[in-house]
Amino acid sequence: MKPVEIKPDIYWVGAIDWAIRDFHGYVTPNGTTYNNYLILDEQITLLDAVKHDFADVSVGNIRDLTDPSKIRNIIVNHIENDHVSGIGAISRLAPDATIYMTDRAKKGLGRFFDISKWDVRVVKTGDTLNIGRRNLLFLETPMLHWPDSMMTYVREDKLLISQDAFGQHYASSARFDDEFISTLSLSELEDAVKDYYANILMPFGTLIRNKIAEIQKLGLEIDMIAPDHGIIWRKDPSLITGMYLDMADGKADMRVVIIYDTMWHSTEHMTVPLAQGIKDEGVDVKVVKLRASPVSFAVKEFWKARGCLVGSPTLNNSMFPTVAEFLVYLKGLRPKNRIAGAFGSYGWGGGAVRDIYEEIKKMGLETVGQGVQVIYKPSGEDLKRCYEFGKDFAIKVKEYQSKFQ
Ligand code: FEO
């Protein structure tokens, strides 16, 4: 897509990746965008690059607006490959540009590129850069998303370039929140935000809350937030900051998600009375089969719901491999403020339910009971036990949810 003016003389010059479905292992069913921005001021300034596959697209957008050799400043807000792997193309076209980044970004970028001939300036929180009619303010945001990360605030335009934070992996022709909501829907946008947050930013809720408080303390007026992925928040930036604060504070839907896998359908059959028991206690329920769903989808659904039941058949005295994969991925995301339990089937020795509880406890999540297990195939009596366990679990979820209201 051609450049889009987001503020007077400030342009989106990024690229839309409609086709990507595997973003370093995280499934992106809706693709993504790599956003970068060009400010046409007395000193032409580029904020961020794009993934190398799309460097020509971004350079083409820049050429539509100016000769790239006139770029005087390049701001590197984040050095993950989806943002800097295309910087080589830019730096070759703008060899005299000064490149601004944090100290950690400089150290990291030197591992990806030979930066010995680049004019790199290290910046830290509070440093400013005058580019003519505008002043840029840099804000370090370590671990949002990597240790090197920072944001750039364009004071005169009340614009925050937020790199990964406040983004979404969603390719669309909409560049702005209001366009997306009118052509797709607000709930689709919220779902994309939660998917991104759950899979990328879940471990950093406290940092997010503190960073938003720091920005508020600095008294920065913000009427637009432009992330490096997805849509730009121009109609209502408080929508996304509010969502982030809610998620950082542990907000979740009154719902139980049942995440399971199965070998010969015994564990699968157990999900039916479990779900019915939960529903009969007035709690919404969703069922996700791991072998039929990407693990990143399961994590999103885990994150949206207050409670989770994990189900697995026993294989070789432990859980099924897809269930283990889900739990390992989830553990790395350091989940909080969720309540969990387990269920499953076995043929002789058992072990899956025991091991799931162990893993859940290691994550520090609250657990309910000892779970429910059946041998070989659930009998009518077993199905009744599942129903009762579903009801008991839902009651505990309602009690737990009340702590967050
Ligand atoms: Fe979009 Fe952390 O990279």
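With the largest listed first and rounded to whole Å, the semi-axes of the equivalent ellipsoid of region 227-313 from the Cα gyration tensor are 31, 16, 9. Across the chain, the relative contact order, built from alpha-carbon pairs under 8 Å that are at least six residues apart, equals 12 percent.
Is the shape of region 360-405 rounded, prolate or oblate, going by the alpha carbon gyration tensor and its root eigenvalues a ≥ b ≥ c, with a/c under 1.5 for rounded and a/b larger than b/c for prolate? Oblate.
Compute, for the chain, the length of the dipole vector about the Cα centre, with Cβ point charges of +1 (Lys, Arg) and -1 (Asp, Glu) only. Units Debye, rounded to 20.
Its charge dipole is roughly 840 debye.
Here is the list for region 250-309: chymotrypsin sites (Phe, Trp or Tyr not before Pro) lying in DSSP coil, each with at most 12 other C-beta atoms within 10 angstrom of its C-beta, are Trp264. Placing one equal scatterer on every Cα of region 196-273 and applying the Debye formula, the log10 ratio I(q)/I(0) at q = 0.14, 0.17 Å⁻¹ is -0.63, -0.79. Within the chain, the percentage of alpha carbon pairs spaced more than 34 angstrom apart rounds to 37%.
Reducing region 300-349 and region 86-146 to their Cα centroids gives an inter-centroid distance of 42 Å. Taking the centroid of alpha carbons for each part, region 17-72 and region 213-260 are 23 Å apart. The fraction of Cα-Cα pairs per 5 angstrom bin, counted from 0 for region 123-171, comes to 5, 21, 26, 22, 14, 8, 4 percent, rounded to whole percents.
Which of Val154, Val285, Ile99 sits farthest toward the positive end of the charge dipole of the chain, with +1 on the Cβ of Lys and Arg and -1 on the Cβ of Asp and Glu? Checking the options against the dipole of the chain, the answer is Val285.
Classify region 1-131 from the C-alpha gyration tensor, please: rounded if a/c falls under 1.5, else prolate or oblate depending on whether a/b exceeds b/c. Oblate, since a/c reaches 1.5 and b/c is not below a/b. Over region 199-262, Cα pairs under 8 Å with separation of 6+ residues give a relative contact order of 34 percent. Under 5 Å from the amide H of Ile74 lie the amide H atoms of Leu46, Thr98, Ile99, Tyr100, each residue being 5 or more positions distant or on a separate chain, with H modelled from the backbone and absent for Pro and chain starts. Relative contact order, whole percent, for region 242-329 stands at 39, derived from Cα pairs under 8 Å and 6 or more residues apart. Ordering Asn317, Met247, Thr128 by the projection of their Cα atoms onto the charge dipole of the chain, which places +1 on the Cβ of Lys and Arg and -1 on the Cβ of Asp and Glu, puts Asn317 at the extreme positive end.
Rounded if a/c is under 1.5, else prolate if a/b is larger than b/c, else oblate: which is region 315-401, with a ≥ b ≥ c the root eigenvalues of its Cα gyration tensor? Judged from the Cα gyration tensor, region 315-401 comes out oblate (a/c at least 1.5, b/c at or above a/b). Between Thr66, His24, His83, the Cα set farthest toward the positive side of the dipole of region 1-114 (charges on each charged residue's Cβ, about the Cα centre) is that of His24. To the nearest ten degrees, helix 321-332 and the longest principal axis of the Cα atoms of the chain are 50 degrees apart. Remark: region 251-405 carries a charge dipole of roughly 540 debye about the Cα centre, counting +1 on each Lys and Arg Cβ and -1 on each Asp and Glu Cβ.
Calculated mean residue ellipticity, 222 nm, the chain: -11000 deg cm²/dmol, from DSSP H runs (n ≥ 4) at -39500 (n - 2.57) each, averaged per residue and rounded to 500. For the chain, the longest principal axis of the Cα atoms and the long axis of helix 266-280 meet at an angle of about 80 degrees.
Axis of helix 237-248 versus longest Cα principal axis of the chain: the two differ by about 40°, to the nearest ten degrees.
Readers should treat all values here as calculations from the given coordinates under stated rules, not as data from a laboratory. Just so you know, these numbers come straight off a predicted model, no measurement behind them. Counting neighbours? That spans all protein chains shown, and the Cβs are built from the backbone with ideal geometry, glycine included.
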